[in-house]
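**Student:** Once you've had a glance at the structure underneath, I'll fire off some questions.
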Amino acid sequence: MTIDQQLELLTARHVDLFSGDELKKKLEIAAKEGRGLRIKYGADPSAPDIHLGHVVGLNKLREFQDAGHTVVFIIGDFTGMIGDPSGKSATRPALSKEQVLENAESYKKQVFKILDPEKTEVRFNSEWLGEMRFEDVIRLSAHVTVAQLLARDDFSKRYADNRPISLVEFLYPLVQAYDSVMVEADVELGGTDQLFNLLLGRELQKIYGQHPQVVMTLPLIEGLDGVQKMSKSLNNYVGVNEASKEMFGKLMSVSDELMWKYFLYILCRPPEEIDAMRARVSSGELHPRAVKDELGRCIVDRFVGEGEGAKAAEEFARVFAERKLPTDMTELALEGEIGLIDLVVKAGFAGSNGEARRLIQQGGVRLDDVQNKDIKAVIPPVDGMILRVGKRKFARLSLS
RNA sequence: GGUGGGGUACCGAAGCGGUCAAACGGGGCAGACUGUAACUCUGCUGGCUCAGCCUUCGAAGGUUCGAAUCCUUCCCCCACCA
């Protein structure tokens, strides 16, 4: 592959790039010296769930790896251990060393569904940050002014609105930038919200006498609600470790408009192909459901395993389109007569009796597909009876 | 150090002596509809032995027949001016 071809491939789908020329130069030098570039990517260890939002960046990293470059995957365990007060109400609990390591393991397992372990260097930033003395921290801080930090969009907005900005948050970009110095990153990748931090990495590298990293941002894709960016705290995400059934179902709930983005950024389908599909949908030749079905299948295949997508799709059609029972469901052993409320609670479908009562009164509870709205009902035990709550919760009753 | 503003249910936010288990919005759940776990519409959303009772409005005391609302002390948060 020529440098130009590589450049084109590697810069596909980006939002910001500083700069294409620099990247080209770096690629040329690396090629001449017969080595790969170091591509940095940072991850927060407090929430060890990789979701499709992360996949956008991970895909890009994989492309770099396939072109012969090395990914430096930084787990921000240091910040995890101090706890991050950025969310104003609930200060995140500081994680213990064991927790951090445990999370890191789970992280790796997920990340390597996408990345090539052979070409990934996993680093913990406590490795260098934990060593620093306060003096070192002050020296580091001396390189940056408050005005520079306030240039960051969300800082300046909050400052103008008299909303709090914690000093830790202020320091955070600096820490991240320092990571770039420590791993001697050639390129750093991140979501568009990371732009400021990534750019600061460049500044700091220059100060430390290194060549500034190339900065590339990728879009933050919207989550299941179609409006807010996919994130764990908003609970609008699809995790790469989820069960196929969940994964497929969640993807089917995505809006028709958003699915195109998923095709592009998660499955990396070429834009021409997507445009062609789009055209066929708007002409009525192709049903949007079929497209979304394909999206679900491919994503499940990729993250759960080849062939799992088709199974999940079948199961989904069975339960939601044909309204039939799922193939497997939890078993609930009963010993004798049981009140309907108790039954729903015992099955784990309601957190309290009150909630069970509500579900029953609202017609959300069915026994063998017959709605039962009687909160006082007592169910005689029937082996194999199916309890259904809402659209998605099923249990098979059995006698013991 | 000074001034001012706050701490209310999962989150945001009203309420400022009884009609408060606490408006409203978001989120969540259920129902109808649907290609869909989308959209929209409707309802529900502290607990219980549920037409009643119990525990909740930063914490502890107090005033009152009655307190999220008034008083005292304490704890915590934020902004601004120095």
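The values are calculated or read from the model by the stated rules, or taken from the named source; none is laboratory data. All values derive from a computational prediction rather than experimental measurement. Reconstructed Cβ throughout: ideal geometry from the backbone, glycine too, with neighbour counts over all protein chains shown. Accessible surface areas use protein heavy atoms only, side chains included; no ligands, DNA or RNA. Shrake-Rupley method; radii C 1.70, N 1.55, O 1.52, S 1.80 Å.
**Student:** Pull out all pairs, ordered by first then second residue, where Cβ-Cβ is under 9 Å, the residues are six or more apart or on different chains, the first lies in the range A:329-354 and is over 19 Å from A:S400 (Cβ atoms) and at pLDDT below 95, and the second is more than 8 Å from RNA strand B (Cβ to nearest atom) and among the hydroxyl-bearing types (S, T, Y).
**Tutor:** Filtered contacts from the range A:329-354: no entries.
**Student:** For A:S253, state whether it is more than 30 Å from A:F64 (Cβ to Cβ) and open to solvent by 50 Å² or more (accessible area, probe 1.4 Å).
**Tutor:** Yes: the conditions hold for A:S253.
Per-residue answers, yes or no, for (1) modelled with pLDDT under 90; (2) farther than 25 Å from A:F124 by Cα:
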| residue | (1), (2) |
| --- | --- |
| A:D153 | yes, yes |
| A:L167 | yes, no |
| A:L171 | yes, no |
| A:V175 | no, no |
| A:S180 | no, no |
| A:V187 | no, no |
| A:G190 | no, no |
| A:R202 | no, no |
| A:G239 | no, no |
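**Student:** What are the residues in the range A:257-280 that are over 22 Å from A:G223 (Cβ atoms) and of a type in the set (D, E), if any?
**Tutor:** Residues satisfying the conditions are A:E272, A:E273, A:D275.
**Student:** For A:V238, are the conditions met, namely being more than 9 Å from RNA strand B (Cβ to nearest atom) and in contact (Cβ under 8 Å) with a residue 24 or more places away in the chain?
**Tutor:** When the stated conditions are applied, A:V238 passes them.
**Student:** Further question: Check A:V378, A:V382 and return the single one that is away from RNA strand B (no atom under 13 Å from the Cβ), at pLDDT below 90 and in contact with a strand residue (DSSP E or B) (Cβ under 9 Å, 6 or more places away or on another chain).
**Tutor:** Result of the check over A:V378, A:V382: A:V382.
**Student:** Only one residue in A:M230, A:M277, A:M247 is farther than 26 Å from A:Y41 by Cα, aliphatic (A, V, I, L, M) and within 14 Å of RNA strand B (Cβ to nearest atom). Which one?
**Tutor:** On inspection, the qualifying residue turns out to be A:M277.
**Student:** To continue, here is another question. Is it the case, given these coordinates, that A:R302 is within 29 Å of A:L10 (Cα to Cα), assigned to a helix (DSSP H, G or I) and open to solvent by 50 Å² or more (accessible area, probe 1.4 Å)?
**Tutor:** yes
**Student:** Please work out if A:E273 is in the same structural domain as A:M259 (by TED's automatic domain parsing), charged (D, E, K, R), within 28 Å of the chain's Cα centre (by Cα) and at negative phi.
**Tutor:** Answer is yes for this residue.
**Student:** Out of all the residues in the range A:277-326, which are under 30 Å from A:F112 (Cβ atoms) and among the charged types (D, E, K, R)?
**Tutor:** Those that are under 30 Å from A:F112 (Cβ atoms) and among the charged types (D, E, K, R): A:K292, A:D293, A:E294, A:R297, A:D301, A:R302, A:E306, A:E308, A:K311, A:E314, A:E315.
**Student:** To continue, here is another question. Taking into account only those residues within the range A:129-170 that are within 16 Å of RNA strand B (Cβ to nearest atom) and in contact (Cβ under 8 Å) with a residue 60 or more places away in the chain, which is surrounded by the fewest Cβ atoms within 10 Å (Cβ to Cβ)?
**Tutor:** Here the answer is A:P164.
**Student:** Exactly one of these conditions fails for A:Q110: (1) open to solvent by less than 50 Å² (accessible area, probe 1.4 Å); (2) touching a helix residue (DSSP H, G or I) at 6+ places or on another chain (Cβ under 8 Å). Give me its number.
**Tutor:** (2)
**Student:** Follow-up question, since we're still on this one. Pull up the range A:305-327, narrow it to residues that are farther than 30 Å from A:G354 by Cβ and not in a helix (DSSP H, G or I), then point me to the one that is nearest to RNA strand B (Cβ to nearest atom).
**Tutor:** By that ranking, first place goes to A:E322.
**Student:** Within the range A:41-48, is even one residue over 25 Å from A:Q99 (Cβ atoms), modelled with pLDDT under 95, outside any helix (DSSP H, G or I) and not assigned by TED's automatic domain parsing to the domain that holds A:L267?
**Tutor:** Taking every residue of the range A:41-48 in turn, none turns out to be over 25 Å from A:Q99 (Cβ atoms), modelled with pLDDT under 95, outside any helix (DSSP H, G or I) and not assigned by TED's automatic domain parsing to the domain that holds A:L267.
**Student:** Quick check on the range A:193-216. Is at least one of its residues open to solvent by 10 Å² or more (accessible area, probe 1.4 Å), under 26 Å from A:Q65 (Cα atoms) and either within 16 Å of RNA strand B (Cβ to nearest atom) or of a type in the set (V, I, T) (or both)?
**Tutor:** So far as the range A:193-216 goes, no, none of its residues is open to solvent by 10 Å² or more (accessible area, probe 1.4 Å), under 26 Å from A:Q65 (Cα atoms) and either within 16 Å of RNA strand B (Cβ to nearest atom) or of a type in the set (V, I, T) (or both).
**Student:** Now, a different point. Can you name the residue in the range A:256-274 that is closer than 15 Å to A:F303 by Cβ and away from RNA strand B (no atom under 14 Å from the Cβ) and, of all such residues, is least open to solvent (accessible area, probe 1.4 Å)?
**Tutor:** A:I266
**Student:** Could I ask something else about it? For A:L234, all conditions in the list (1) open to solvent by 40 Å² or more (accessible area, probe 1.4 Å); (2) within 20 Å of A:D293 (Cα to Cα) hold save one; what is the number of the exception?
**Tutor:** Exception for A:L234: condition (2).
**Student:** Out of the range A:337-375, which residues are near RNA strand B (Cβ under 8 Å from one of its atoms) and of a type in the set (D, E)?
**Tutor:** A:E355
**Student:** Give the number of residues within the range A:217-227 that are more than 9 Å from RNA strand B (Cβ to nearest atom), part of a loop (DSSP other than H, G, I, E, B) and either open to solvent by less than 40 Å² (accessible area, probe 1.4 Å) or on the phi > 0 side of the Ramachandran plot (or both).
**Tutor:** 3
**Student:** Got at least one residue in the range A:117-127 being closer than 24 Å to A:E63 by Cα, touching a Lys or Arg at 6+ places or on another chain (Cβ under 7 Å) and outside any helix (DSSP H, G or I)?
**Tutor:** Taking every residue of the range A:117-127 in turn, at least one turns out to be closer than 24 Å to A:E63 by Cα, touching a Lys or Arg at 6+ places or on another chain (Cβ under 7 Å) and outside any helix (DSSP H, G or I).
**Student:** Still on this structure, I have one more. Of everything in the range A:21-38, what is surrounded by fewer than 14 Cβ atoms within 10 Å (Cβ to Cβ) and of a type in the set (G, A, S)? Give them in sequence order.
**Tutor:** Once the filter is applied, which keeps residues that are surrounded by fewer than 14 Cβ atoms within 10 Å (Cβ to Cβ) and of a type in the set (G, A, S), the range A:21-38 yields only A:G34.
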